[in-house]
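Novice: Take a look at this one; I'll ask things after.
Every read-out reported here was derived from the displayed coordinates using simple, explicitly stated rules and does not represent laboratory data. Bear in mind the structure is a predicted one, so any value in this text is a computation, not a measurement. Using ideal geometry, Cβ is built from the backbone for each residue, glycine included, and neighbour counts are taken over all protein chains shown.
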Protein chains: 2
Amino acid sequence: MKTLFENITVITMDNDAGVIKNGCAAVDGNKIKYVGTTKPEGEFDRVINGENKALIPGLINAHTHTAMTLLRGYADDMNLQDWLYNKIFPFEDKMTPEDVRRGSEIAIDEMLAGGTTCFSDMYFFQAETGRAAIQKGIRAVLSDCVNFDGYERKVKLMEEMAEEFSGSDLITFTFSPHAIYTCSFELLEKCAAYAKEHNMPIHTHLAETRTEFSDCEIEHNMTPTAYMESAGLFENPTIAAHCVVMTDSDLEILKKHNVSVAHNPISNLKLASGIAPVPKMLDMGINVALGTDGASSNNSLDMFEEIKAAALIHKGAGLDPTAVPAETALKMATINGAKALGFDNLGMIKEGYLADLVVVDLDTPHLRPIYDPISSLVYSAKCGDVEYTMVNGNIVYER
Amino acid sequence: MKTLFENITVITMDNDAGVIKNGCAAVDGNKIKYVGTTKPEGEFDRVINGENKALIPGLINAHTHTAMTLLRGYADDMNLQDWLYNKIFPFEDKMTPEDVRRGSEIAIDEMLAGGTTCFSDMYFFQAETGRAAIQKGIRAVLSDCVNFDGYERKVKLMEEMAEEFSGSDLITFTFSPHAIYTCSFELLEKCAAYAKEHNMPIHTHLAETRTEFSDCEIEHNMTPTAYMESAGLFENPTIAAHCVVMTDSDLEILKKHNVSVAHNPISNLKLASGIAPVPKMLDMGINVALGTDGASSNNSLDMFEEIKAAALIHKGAGLDPTAVPAETALKMATINGAKALGFDNLGMIKEGYLADLVVVDLDTPHLRPIYDPISSLVYSAKCGDVEYTMVNGNIVYER
């Protein structure tokens, strides 16, 4: 399958290429074959006229729990412990594999319609999520989450998934100890060793709340970040979700080990976890990706919303209008997400990269006028402006 | 014109009626004639089947500068002084009445498509905005903004507008001294007296930034709020936009005079003004409405975004997940906005109220499932879900 996007504003997210007005991008199979200003030679199965449209790299949701769409709006505006122990956990206890499949399907429909082409999931019955991803054609990074009692069973599930999905281009894996408060130190060490042996990145929750931070200090006389480091987790490539409550030395630890942060600004606001020190992370050169978290704490899987929130919240919280400028926020949702998830050929529109691409319709009142397409995409565009979503060379959503 | 909405989830925002599932609402002329569970008798010119849809009061944008759509994305991520003096003011100096007309048209198209049925504007060449509002059929509350040198001229313009629009149901007025830093004390007093004499509400900017606050303390040995009070402005019904930097006594002043606050959470974040003490205002019983501010500091006129931001930001900033619950946020954008703008028959779906109504399509992945329709509208719905927008009994937008 060969596809040509022509006469389109190409937001490459490649520092060398920048924004190409009246550009072209050609896709052959699952790869981008050409990006530039002249129309490439050859026959195409499909040509998309990009007048008044932008082509952006597919958005990457670096931290979510897709099946939690089933809990979207089930409980809001509650204290965290009450919410978790009286609402979320009892609901999840009853969830079946079929529920996870249905919840994942809803999530994937929502994500594809909103320009998300890849998500990093952490939940249970993940094989169902993988099957839904393949059926709908979205790229997924899966992990059947490990907690207190689940190590052997989860390793088995991960190995079964590796086998089942070995023929798919779309599925890769991380290994996921849930968090320091749901795993013993020995379990964290086992996860670190397993991930190392199997060459898998770690995906975990880290320093999400003040409670987690202070409990860890009391129990272990260490910050959550230092504690995770001491368990050897960060000797693997790691995606640490949240990182809200961080000391300066914690940030140094992330930097030293090249840990990627999955920043979830909307979930952190909604659950009153607080505001992660993202401007400091960026100044230190820490790779910050972006996630929606589950739909129960957001309540959307809308990366356009998340990008705008990331660009806004640090300005207001730090009283600095130059914090997290538009392009930085868009990088978090594209190239930084790709890096976090271990891809070296995703997140930019560049020859040889995977063809995960999104066409955004700019011909709408709320995008008028356009001075700077990146500003328009970050501060004014909405998920409903997505016209086509392509994953791995296939158009899997058309508005 | 008689319209019937049937088999629809009616979010009345009326405490007595609450949410009516499988409800009906009938409109005759510009008024709501019936709300309930049984289908009313009689003939209708148009019947809208509301299956999988919600009917909400039209959203009210209590503070904006519509023509600033022309500056949407013109300058972002800059320090405030640099932004204002090197970008915004030089641009505005060149704006013609035709520009204001065009900018207002874009804004109104965006607002109607996003379920906003009424806006409170403060800008210049407001007659053009009024003409655009009448042409497009949106309700507008206008004020040609007064600053240092403009009093006599602005009074004349306001009087000309009052005459020109006297036959329109859609246009009302406020009187707008721009802010304490652009008006002398004597000018503020004159505005207060004029508004009182002509029975007009005041619409002004108040305590938006730390600079405004500290300059006022240095210059007048008073807070901006106390200073405005001393000029007599609050002896009129007043909409005070922003109110970010407020002492407890300032809030007492607002409460004492029944001043309404137009909260603009996204603009306050983007310009790094900070986060207004809204939970405190609500605890004190101050009427808090919601605004987008101009598109240059947002960069949207999307009340769904603003409602979600209002519900999220105070949870995260105050570390309280129960702050500004969903229904409160939706009230800010409906009934509280109506009160702020001086309407006693707007902002709820109730017999005898003005027929400003919005149909929201709930049949979309990002709104699945629905446990509580108000939570779904606040945390998950998007402006693109608006299917019909009715103002004053007329359907003026259909998706």
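Novice: Residue by residue through segment A:289-296, which ³J(HN,Hα) values in whole Hz follow from phi under the Karplus form 6.51 cos²θ - 1.76 cosθ + 1.60 (θ = phi - 60°), with glycine and proline marked x?
Specialist: Residue by residue, segment A:289-296 yields 9, 10, x, 9, 6, x, 5, 7 Hz.
Novice: Can you spot the aspartates and glutamates whose alpha carbon is less than 12 Å from A:Lys280's alpha carbon? Ignore those fewer than 8 places along the same chain.
Specialist: A:Asp248, A:Asp250, A:Glu252
Novice: Defining the label point at 7 Å along Cα→Cβ, can you sort the distances from B:Arg46 to the same site in each other copy, shortest first, in nm?
Specialist: Once sorted, the set of distances for B:Arg46 reads 3.5 nm.
Novice: Still on this structure: Tell me, in nm to one decimal, what length is gained between A:Thr38 and A:Asn52 on full extension, where the rule is 0.36 nm per residue of separation less the Cα-Cα distance?
Specialist: Taking 0.36 nm per residue and subtracting the Cα distance, the gain is 3.3 nm.
Novice: Defining a contact as two alpha carbons under 8 Å apart and six or more residues distant in sequence, what relative contact order in percent does segment B:30-162 show?
Specialist: 25
Novice: If the cut-off is 20 Å between C-alpha atoms, which lysines fall inside it for B:Lys190, apart from same-chain ones fewer than 8 positions away?
Specialist: Within the straight-line limit of under 20 Å, B:Lys190 reaches these lysines: B:Lys154, B:Lys156.
Novice: Next up: Return the calculated 222 nm mean residue ellipticity for chain A, to the nearest 500 deg cm²/dmol, obtained by summing -39500 (n - 2.57) across DSSP H runs with n ≥ 4 and dividing by the residue count.
Specialist: Value at 222 nm, helices only, nearest 500: -9500 deg cm²/dmol.
Novice: What is the calculated FRET efficiency for A:Arg210 to B:Val19, with r their C-beta to C-beta distance and R₀ = 25 Å, to the nearest 0.05?
Specialist: E between A:Arg210 and B:Val19, to the nearest 0.05, is 0.10.
Novice: Got the B:Ser184 label distances to the other copies yet, label 7 Å along Cα→Cβ, in nm, shortest first?
Specialist: 7.9
Novice: Treating only the Cβ of Lys, Arg, Asp and Glu as charged (+1, +1, -1, -1), what charge dipole size does segment B:59-340 show about its Cα centre? Round to the nearest 20 debye.
Specialist: Working: 22 positive and 40 negative charges, 124 e Å.
My answer is approximately 600 debye.
Novice: Turning to a different aspect of this structure: Roughly how big is segment B:238-315's charge dipole about its Cα centre, with Cβ charges of +1 (Lys, Arg) and -1 (Asp, Glu), in debye to the nearest 20?
Specialist: Dipole size: approximately 80 debye.
Novice: Out of the chymotrypsin sites (Phe, Trp or Tyr not before Pro) in segment A:21-122, which ones are loop residues according to DSSP with at most 11 other C-beta atoms within 10 Å?
Specialist: none
Novice: About its Cα centre, how strong a charge dipole does the protein assembly as shown have in debye, to the nearest 20, once Lys and Arg get +1 and Asp and Glu get -1 at the Cβ?
Specialist: Approximately 680 debye in magnitude.
Novice: Order B:314-326, B:185-197 from most to least packed using the mean count of other Cβ atoms within 10 Å.
Specialist: Answer by packing, highest mean first, reads B:314-326, B:185-197.
Novice: Something else now. Residues of segment A:36-52 with amide nitrogen under 12 Å from the 7 Å Cα-to-Cβ point of A:Asn345?
Specialist: Under cut-off, by backbone N: nothing.
Novice: Within segment A:92-129, report the trypsin sites (Lys or Arg not before Pro) that DSSP leaves as loop and that have at most 11 other Cβ atoms within 10 Å. The partial results should precede the final answer.
Specialist: Values: sites: A:Lys94, A:Arg101, A:Arg102; in loops: A:Lys94.
Listed in order of number, the matching sites are A:Lys94.
Novice: Among B:Ile56, B:Thr117, B:Thr364, whose Cα lies farthest out toward the positive end of the dipole of chain B, if unit charges sit on the beta carbon of Lys, Arg (+1) and Asp, Glu (-1)?
Specialist: Value computed over the given set: B:Thr364.
Novice: Follow-up question, since we're still on this one. So between A:Met222 and A:Thr247, what do we pick up on full extension, going 0.36 nm a residue minus the alpha carbon distance?
Specialist: The A:Met222-A:Thr247 span can extend by a further 7.9 nm.
Novice: Enter the mean number of other protein chain beta carbons within 10 Å of the beta carbon of each residue in A:310-323, as an integer.
Specialist: Mean partner shielding for this stretch: 6.
Novice: Can you bin segment B:59-340 into rounded, prolate or oblate? Criterion: square roots of the alpha carbon gyration tensor eigenvalues sorted a ≥ b ≥ c, rounded for a/c under 1.5, prolate for a/b above b/c, oblate for the rest.
Specialist: rounded
Novice: What's the ranking of B:53-63, B:163-173 by average number of surrounding C-beta atoms within 10 Å, highest first?
Specialist: Details: B:53-63: 27.7, B:163-173: 15.4.
My ranking of the peptides, most packed first, is B:53-63, B:163-173.
Novice: Run the numbers on chain A and let me know its relative contact order in percent, using alpha-carbon pairs under 8 Å that are six or more apart.
Specialist: RCO, chain A: 21 percent.
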